[in-house]
1. When only residues in the range B:31-81 that are over 27 Å from B:MET95 (Cβ atoms) and among the small types (Gly, Ala, Ser) count, which is nearest to the other protein chains (Cβ to nearest Cβ)?
2. Could you check the range B:21-53 and list, in sequence order, the residues that are modelled with pLDDT of 85 or more, polar (S, T, N, Q) and farther than 15 Å from A:MET81 by Cα?
3. A:THR46 - would you say it is more than 9 Å from chain B (Cβ to nearest Cβ) and among the polar types (S, T, N, Q)?
4. So B:ALA160 ticks every box in (1) in a helix (DSSP H, G or I); (2) open to solvent by less than 10 Å² (accessible area, probe 1.4 Å); (3) of a type in the set (Gly, Ala, Ser) but one. Which box is left unticked?
5. Return a yes/no flag: does the range A:46-69 have any residue that is hydrophobic (A, V, I, L, M, F, W, C), surrounded by 14 or more Cβ atoms within 10 Å (Cβ to Cβ) and closer than 17 Å to B:THR54 by Cβ.
6. How many residues, within the range B:187-223, are assigned to a helix (DSSP H, G or I) and either among the small types (Gly, Ala, Ser) or within 7 Å of chain A (Cβ to nearest Cβ) (or both)?
7. Please work out which one of (1) of a type outside the set (A, V, I, L, M, F, W, C); (2) within 7 Å of chain B (Cβ to nearest Cβ); (3) open to solvent by 80 Å² or more (accessible area, probe 1.4 Å); (4) under 24 Å from B:MET61 (Cα atoms) is the condition A:THR115 fails and give its number.
8. Is one or more of the residues making up the range B:52-70 under 16 Å from A:ILE51 (Cα atoms) and either free of Cβ contacts under 8 Å to residues at least 60 places away in the same chain or over 20 Å from the mean Cα position of the chain (by Cα) (or both)?
Amino acid sequence: MATTVGHMETATGHTQATAAHPKAEGQQHPIAIYLWIWALLFVFSTFSYLIDYFHLHGLLRWSLIITFMLLKAGFIVAIFMHMAWERLALKFAILVPPLVLLILILLMAIEGDYTFLTRLTAFLR
Amino acid sequence: MSESNVTPAEEPAAAPSGLTGVVSDWSGDKEAFHVPWGKAMMWIFLLSDTFIFTCFLTSYMNVRISTTVPWPNPSEVFALNIGGQHIPLILIAIMTMVLITSSGTMAMAVNYGYRRHRAYTAALMLITAGFGATFVGMQAFEWTKLITEGVRPWANPWGAPQFGSCFFMITGFHGLHVSAGVIYLSVVARRVWRGFYDQKGSYETVEITGLYWHFVDLVWVFIFAFFYLW
């Protein structure tokens with residue numbers, strides 16, 4: 001009797017697991033959302049180009065370039081690559097590891113500055 | 001309690017050892033990601049590719065910070081004369097638009113795939129591949145122009161010699177990804193056209209192909225910002 005109950009639990013658990021898998025259906029969303037994102041990507045790219053065209057400089061140039069870049073990247077990953085609709089486990093597994101790259105970038109920026117200063121002092125000597 | 005409709009469960013088998021054990025342990029009903037396995041694998045591949053491209057862009061940043069020679073101005077290097085007008089960075093702007101357009105058509109292809117619209121899916125994928133091929137063609141034009149102007153991986157007429165090595169390495173690797181994507185798209189589009197995924201009962205391969213293609217566009221977003229706009 002006990003084993004039968006166990007079997008039934010397994011069977012129920014399995015049904016739930018299958019229901020949680022929308023494998024056959026996949027990622028189906030209204031076409032309008034893609035068209036909107038598509039248009040937005042064009043707008044952001046045009047703005048990025050205009051930053052260069054109008055010779056913006058300094059902090060303004062940089063903050064705008066980075067902002068448009070992150071917006072474009074975010075929309076591509078979230079909507080076009082469907083990450084917004086994936087489960088949190090997959091989001092974490094894919095989006096968290098690249099964050100360690102920020103440390104690499106920081107270290108290499110410091111290293112580059114150091115090399116630059118070393119070269120300057122070597123040339124000035 | 002009659003269990004006539006309860007299916008008999010399988011006997012719990014003894015855990016196998018050796019290589020079979022490895023396979024059974026890693027696949028033994030312990031699915032972490034509730035997506036088709038191909039999609040999970042594609043994401044993990046793209047994650048590793050992210051690291052590769054970040055290494056390229058980071059090394060580029062490092063040499064650009066550390067050089068004492070002025071860096072060539074990309075706005076001027078990639079300018080074109082169109083109809084007697086000197087337009088800065090125009091080629092790169094067009095290439096960006098081509099790639100974004102191709103990303104849009106790819107998203108449409110995935111959508112029509114899940115609607116089981118075979119002809120639209122195949123056609124949209126081929127259009128995507130066509131835009132990809134256009135992009136590679138424009139890149140070939142850009143390389144030819146720069147090489148005839150004297151840009152080499154070790155030297156160029158305008159400034160820091162590292163410009164050439166960074167340029168050829170980063171855009172070359174990205175161009176290879178686009179070329180591979182064009183082939184990948186063509187193969188899958190052919191299968192869509194022949195009804196392979198209707199027989200299989202799932203169009204998830206189209207979405208997985210789309211993931212790769214959108215990633216190629218994604219990488220270009222970063223190259224555009226850091227290499228061309230800096």
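The values are calculated or read from the model by the stated rules, or taken from the named source; none is laboratory data. The model shown is predicted, which means the values in this text are computed figures rather than measured ones. Because the Cβ atoms are built from the backbone with ideal geometry, glycine has one as well, and the counts that use them run over all protein chains shown. Surface accessibility is based on the protein's heavy atoms, side chains included, excluding ligands, DNA and RNA. Shrake-Rupley method; radii C 1.70, N 1.55, O 1.52, S 1.80 Å.
1. Of the residues in the range B:31-81, the ones over 27 Å from B:MET95 (Cβ atoms) are B:31-41, B:44, B:66, B:68-69.
Cutting the leftovers down to among the small types (Gly, Ala, Ser) gives us B:32, B:38, B:40, B:66.
Working: B:ALA32: 6, B:GLY38: 11, B:ALA40: 7, B:SER66: 4 Å.
So, considering only residues that are over 27 Å from B:MET95 (Cβ atoms) and among the small types (Gly, Ala, Ser), the one nearest to the other protein chains (Cβ to nearest Cβ) is B:SER66.
2. Step one: of the range B:21-53, the residues modelled with pLDDT of 85 or more are B:35-53.
Right, trim to polar (S, T, N, Q) and you get B:48, B:50.
Selection gives B:SER48 alone.
3. Details: more than 9 Å from chain B (Cβ to nearest Cβ): no; among the polar types (S, T, N, Q): yes.
When the stated conditions are applied, A:THR46 does not pass them.
4. Just one mismatch for B:ALA160, condition (1).
5. Going residue by residue through the range A:46-69, those that are hydrophobic (A, V, I, L, M, F, W, C) are A:47, A:50-51, A:54, A:56, A:59-60, A:62, A:64-66, A:68-69.
Those left that are additionally surrounded by 14 or more Cβ atoms within 10 Å (Cβ to Cβ): A:47, A:51, A:56, A:62, A:64-65, A:68-69.
Next, only the ones that are closer than 17 Å to B:THR54 by Cβ stay: A:69.
Within the range A:46-69, one or more residues are hydrophobic (A, V, I, L, M, F, W, C), surrounded by 14 or more Cβ atoms within 10 Å (Cβ to Cβ) and closer than 17 Å to B:THR54 by Cβ.
6. First, pick out the residues of the range B:187-223 that are assigned to a helix (DSSP H, G or I): B:187-193, B:196-200, B:204-223.
Narrowing further to those that are either among the small types (Gly, Ala, Ser) or within 7 Å of chain A (Cβ to nearest Cβ) (or both): B:189, B:204, B:207, B:210-211, B:214, B:217-218, B:221-222.
Matching residues across the range B:187-223 total 10.
7. (3)
8. Within the range B:52-70, the first condition is being under 16 Å from A:ILE51 (Cα atoms), and the residues that meet it are none.
Checked the range B:52-70: no residue is under 16 Å from A:ILE51 (Cα atoms) and either free of Cβ contacts under 8 Å to residues at least 60 places away in the same chain or over 20 Å from the mean Cα position of the chain (by Cα) (or both).
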